[in-house]
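Undergrad: Below are the structure tokens for one structure; questions will follow.
The values are calculated or read from the model by the stated rules, or taken from the named source; none is laboratory data. Owing to the predicted nature of the structure, the values given are computational and were not obtained by experimental measurement. As a convention, Cβ positions derive from the backbone with ideal geometry for all residues, glycine included, and neighbour counts pool all protein chains shown.
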């Protein structure tokens, strides 16, 4: 049997000392998470993080760097997540936009407020990404390559 992880993307967005998070319903609880979601078929990682951020927060995201890649085996489910976390900035807000199902609201919190609500984090990746960001970790986006076959020719899209 072939095992495959679930690939997800997440956006780490800071503005005026606060970070963009979502409050969402997951497994019957209200939890906090960075804007995040699954990679769709035929979608690049960058396209996915832009889409997920808009769908979950109504903010348009411009990715600027890769924060890191995080592997997290869920402790109670037979699922392992591979999270590609991106640092970015938001450029425009659509306040009337309907948010994804399960999303209660988008909110801006300080690092102290995020840490104080650790028991509400959807996963330990929320705080790990925050701490890595605050430590200055980042990698250039050109680390990511999409290898595509178009008309029988392999092409690399950065």
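Undergrad: Restricting attention to region 115-132, which residues are part of a helix (DSSP H, G or I) and either in contact (Cβ under 8 Å) with a residue 12 or more places away in the chain or more than 16 Å from the chain's Cα centre (by Cα) (or both)?
TA: Answer for region 115-132, where residues must be part of a helix (DSSP H, G or I) and either in contact (Cβ under 8 Å) with a residue 12 or more places away in the chain or more than 16 Å from the chain's Cα centre (by Cα) (or both): 115, 116, 118, 119, 120, 125, 126, 127, 128, 129, 130, 132.
Undergrad: Take region 133-147 and flag every residue that is assigned to a loop (DSSP other than H, G, I, E, B) and touching a helix residue (DSSP H, G or I) at 6+ places or on another chain (Cβ under 7 Å).
TA: Residue satisfying the conditions is 144 alone.
Undergrad: Now for a separate question. Considering 108, 3, which residue is at pLDDT below 95, out of contact with any helix residue (DSSP H, G or I) (no Cβ under 6 Å at 6 or more places or on another chain) and surrounded by fewer than 18 Cβ atoms within 10 Å (Cβ to Cβ)?
TA: Step by step, each of 108, 3 is checked, and only 3 is at pLDDT below 95, out of contact with any helix residue (DSSP H, G or I) (no Cβ under 6 Å at 6 or more places or on another chain) and surrounded by fewer than 18 Cβ atoms within 10 Å (Cβ to Cβ).
Undergrad: Now a separate question. In region 40-57, what count of residues is obtained for those that are more than 13 Å from residue 84 (Cα to Cα) and buried (at least 19 other Cβ atoms within 10 Å of the Cβ)?
TA: Summing the residues that are more than 13 Å from residue 84 (Cα to Cα) and buried (at least 19 other Cβ atoms within 10 Å of the Cβ) in region 40-57 gives 4.
Undergrad: OK, next. Looking only at region 41-50, decide whether some residue is free of Cβ contacts under 8 Å to residues at least 60 places away in the same chain and under 18 Å from residue 130 (Cβ atoms).
TA: Within region 41-50, one or more residues are free of Cβ contacts under 8 Å to residues at least 60 places away in the same chain and under 18 Å from residue 130 (Cβ atoms).
Undergrad: Also: Can you pull out every residue in region 92-114 that is farther than 22 Å from residue 129 by Cβ and either assigned to a loop (DSSP other than H, G, I, E, B) or within 16 Å of the chain's Cα centre (by Cα) (or both)?
TA: If the condition is that a residue be farther than 22 Å from residue 129 by Cβ and either assigned to a loop (DSSP other than H, G, I, E, B) or within 16 Å of the chain's Cα centre (by Cα) (or both), then 94, 95, 96, 97, 98, 101 are the ones that fit.
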